[in-house]
Amino acid sequence: AEDDQNKRRWIAHMVLQKDGVTDPPGIKLRPIETIHGIMYLDPGAITNALSYVFGPLVETLWDIGYTDANLRAAPYDWRIPPCFLEKRDGYFTKLKEKVDDMVTVNENKKVVIVAHSLGTR
C-alpha cells in the first residue's frame, strides 16, 4: 500500500496540467541546476550503475582536472516542449548567460557543449 502511495505521489509530481506546460496546483517541479542534476536519474550506491546519464563522463572529466569553472550543466524540464522552455523558465536566456560566463571565466577560450535528451513532446 505504501509503495502504491509513493507511485501515485511521484506521478502527481511528474504530470503537468492539460496545457502541457503548467505544474499542478501546489506543486512546482524543476530540474536540479548543478552538475549533479545531470549525472544520475536515481543517485545511490546500487542505482548509479542503472540510472546514469552523464555520471561516468562527468566523473572522468573531474579525474582529469575539470572543475566548476570549466564544467557546468544546463538541465532542462524535458516534460515541456522546447518552445515553452524560454517562456516558462527563461531557459535559453540562462543558457546564453552561462556560456558567456564560462568564456569570460576561462579567458575567452572556446566552450564545448555536449548535449543529451531524454526526449520531449
Review point. In the chain, with Lys and Arg counted as +1 and Asp and Glu as -1 at Cβ, which of these residues, Ile64, Val112, Gly20, has the Cα nearest the positive end of the dipole, that is, farthest along it?
Key: Gly20
Practice item. Treating cross-link reach as a plain straight distance, find the aspartates and glutamates whose alpha-carbon is under 17 Å from the alpha-carbon of Lys109, omitting any fewer than eight places away in the same chain. Key: Asp68, Glu97, Asp100, Asp101
Check your understanding: Residue-wise, which Karplus ³J(HN,Hα) couplings in Hz belong to region 101-106, taking 6.51 cos²θ - 1.76 cosθ + 1.60, θ = phi - 60°, and x for glycine or proline?
Key -> 5, 5, 4, 5, 4, 9
Check your understanding: Charges only on Cβ, +1 for Lys and Arg, -1 for Asp and Glu: so what's the dipole of the chain about the Cα centre, in debye to the nearest 20?
Key -> 460 debye
**Study point:** Cα-centre dipole for region 1-47 with unit charges at Cβ (Lys and Arg positive, Asp and Glu negative), debye to 20
**Key:** 140 debye
Check your understanding: Along region 80-90, what does the Karplus equation 6.51 cos²θ - 1.76 cosθ + 1.60 (θ = phi - 60°) give for ³J(HN,Hα), rounded to whole Hz, x for Gly and Pro?
Key -> 10, x, x, 5, 9, 4, 6, 4, 7, 10, x
Check your understanding: If you work out Rg/Rh (Cα atoms, Kirkwood Rh) from the coordinates, which of [x] 1.08; [y] 1.01; [z] 0.93 do you get?
Key -> [y]
Exercise for review: Go ahead and set up a Gaussian network model of the chain, Cα springs under 10 Å, then flag whichever of Val111, Val53, Val99 fluctuates most.
Suggested key: Val111
Point to revise | In Hz, Karplus ³J(HN,Hα) per residue of region 58-64 (6.51, -1.76, 1.60; θ = phi - 60°; x = Gly, Pro) | key: 4, 4, 5, 5, 4, 4, 9
Practice item. Mind scanning Lys18/Lys96; Lys7/Lys96; Lys28/Lys94; Lys28/Lys98; Lys18/Lys87 and naming the pairs with a C-alpha gap bigger than 28 Å? Key: Lys18/Lys96; Lys7/Lys96
Exercise for review: Quick one: compute the contact order of the chain, relative version, from alpha carbon pairs under 8 angstrom and 6+ residues apart, as a percent.
Suggested key: 21 percent
Review point. Pick from Glu97, Glu59, Glu107: which is most flexible by mean-square fluctuation in a GNM of the chain where alpha carbon atoms under 10 Å apart are linked?
Key: Glu107
**Study point:** Accessible area of the chain belonging to carbon and sulfur atoms, whole % at 1.4 Å probe
**Key:** 60 percent
**Study point:** Estimated [θ] at 222 nm from DSSP helical runs (n ≥ 4, -39500 (n - 2.57)) normalised by residues in the chain, nearest 500
**Key:** -11500 deg cm²/dmol
**Study point:** Solvent-accessible area per residue for region 1-109 (1.4 angstrom probe, square angstrom)
**Key:** 71 Å²
Revision key, fill the gap. Among Ala69, Ala45, Ala12, the residue with the largest mean-square fluctuation in a Gaussian network model of the chain built from Cα contacts under 10 Å is Ala45
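The values are calculated or read from the model by the stated rules, or taken from the named source; none is laboratory data. Bear in mind the structure is a predicted one, so any value in this text is a computation, not a measurement. As a convention, Cβ positions derive from the backbone with ideal geometry for all residues, glycine included, and neighbour counts pool all protein chains shown. These area figures cover heavy atoms from the full protein model, side chains too; ligands, DNA and RNA do not enter into them. Shrake-Rupley method; radii C 1.70, N 1.55, O 1.52, S 1.80 Å.
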